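Engineer: What follows is a structure written as structure tokens; I'll ask about it next.
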Amino acid sequence: MTKADRDVTLIARGRHLAAMQEKGLAVEKMWDGTTEIIPVKAMDREHYDEQPDVVLVGPNKIQGVVVGEDDTVTLSQSYGRKNNASLLRYSLALGETLDTMLTVQGRDVPGYILDSKRLKESVTAMPMTEALADAKDGGIYVLFESGAIHYANGTFRTDHVWKIKF
């Protein structure tokens, strides 16, 4: 999102925060093995005092989110190694009538509720979906937490990034 000139602040702590502040965010591209360093704005929660432009209120157990250029929001919902995950795609144009106003640090911020009224599609996925990223052809890349070494003994393990088209 930073590369698309969006105002993004990453919240981190400890050595991860220090590394991002000093060097930027290292993004490893698995398709060609290269690493790109992206300068980012990073801080810890205690020093974050900015105001969001909008708040999205969604279901619980969300692991990843992608806001698409086609007025959609896709969420990765996952809860445990033995439960199927869901990819939830909502219709949301940020200029449409808002659902609520929320107070964030003393300021009213528009809020949109991602509920069954906005849900366009739901796809069941294997357990442990995590991060999501836009694919240029309209698909979504899905990263699975089960690919981590910590979960190497899991039943439903994948160490691949999957691409899903809705």
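Only the coordinates and a few stated rules stand behind these numbers; no lab work does. Since the structure is predicted, the reported quantities are computational estimates derived from the model, not experimental observations. Heads up, the Cβs are rebuilt from the backbone with ideal geometry, glycines too, and the neighbour counts pull from every protein chain shown.
Engineer: For VAL40, enumerate residues with amide H under 5 Å from its amide H, sequence gap 5+ or separate chain, H modeled in the peptide plane.
Structural biologist: For VAL40, the qualifying residues are GLY24, LEU25.
Engineer: Only counting other Cβ atoms within 10 Å, I'd like MET101, MET126 sorted with the fewest neighbours first. Show your work: numbers first, answer last.
Structural biologist: Numbers: MET101 12, MET126 16.
Listing MET101, MET126 from fewest to most nearby Cβ atoms yields MET101, MET126.
Engineer: Moving on to the next point. Would you mind computing, in nm to one decimal, how far apart the modelled labels at ILE37 and VAL161 are, each placed 7 Å from Cα along Cα→Cβ?
Structural biologist: With each label point 7 Å from Cα toward Cβ, the separation is 2.1 nm.
Engineer: To continue, here is another question. Quick one: what are the phi-derived ³J(HN,Hα) couplings along the stretch 113-126, Karplus 6.51/-1.76/1.60 with θ = phi - 60°, whole Hz, x for glycine and proline?
Structural biologist: 9, 8, 10, 4, 5, 9, 5, 8, 8, 9, 10, 7, 10, 5
Engineer: Okay, moving on. When only C-alpha pairs under 8 Å and at least 6 residues apart count, what is the relative contact order of the stretch 23-80, in percent?
Structural biologist: Values: 48 pairs, mean separation 11.5, N = 58.
Dividing the mean separation by the residue count of the stretch 23-80 yields 20 percent.
Engineer: Just to verify a number: FRET efficiency for ALA135 and HIS16, C-beta to C-beta distance, R0 = 30 Å, to 0.05?
Structural biologist: Details: r = 27 Å, r/R0 = 0.89.
About 0.65, to the nearest 0.05.
Engineer: Next question. Find the lysine pairs in the stretch 40-142 meeting two conditions, Cα atoms under 29 Å apart and a separation of 8 or more places or different chains, and report how many there are.
Structural biologist: The result is 10.
Engineer: Right, something else. Report, by chain and number, residues whose modeled amide H sits under 5 Å from the one on GLY68, excluding near sequence neighbours (fewer than 5 apart, same chain).
Structural biologist: Those qualifying (amide H under 5 Å, at least 5 residues apart or on another chain) are VAL73, THR74.
Engineer: Let me ask something additional. Compute the distance in nm between two label points, each set 7 Å from the Cα along the Cα-to-Cβ direction, one at TYR48 and one at GLU69.
Structural biologist: 2.7
Engineer: Please report the relative contact order for the chain, taking Cα pairs under 8 Å with a sequence separation of at least 6, and give it as a percent rounded to a whole number. Could the numbers behind the result be given before it?
Structural biologist: Working: 310 pairs, mean separation 27.1, N = 166.
Contact order relative to length: 16 percent.
Engineer: Viscosity 1.306 mPa s, temperature 10 °C: Stokes-Einstein D of the chain from its Kirkwood Cα radius, in µm² per second?
Structural biologist: Numbers: Rh = 17.8 Å.
It diffuses with D of about 89 µm²/s by this estimate.
Engineer: A further question on this structure: Pop a pseudo-label 7 angstrom from the Cα along the beta-carbon direction at both LYS61 and MET101 and give the gap in nm to one decimal.
Structural biologist: 3.5
Engineer: Given 0.36 nm per residue, what is the gain on full extension from GLU121 to LYS82 after removing their alpha carbon distance, in nm? Spell out each step's value before the answer.
Structural biologist: Working: separation 39, 0.36 × 39 = 14.04 nm, distance 2.27 nm.
Answer, rounded to one decimal: 11.8 nm.
Engineer: Could you work out the helix-only [θ] at 222 nm for the chain, with each DSSP H run of four or more residues adding -39,500 (n - 2.57) and the total divided by the number of residues, to the nearest 500 deg cm²/dmol?
Structural biologist: The helix-only estimate for the chain comes to -2000 deg cm²/dmol at 222 nm.
Engineer: Skipping prolines and chain starts, which residues have an amide H placed within reach, meaning under 5 Å, of the one on LEU114, given they are 5 or more residues away or on another chain?
Structural biologist: Result for LEU114 returns VAL57, GLY58.
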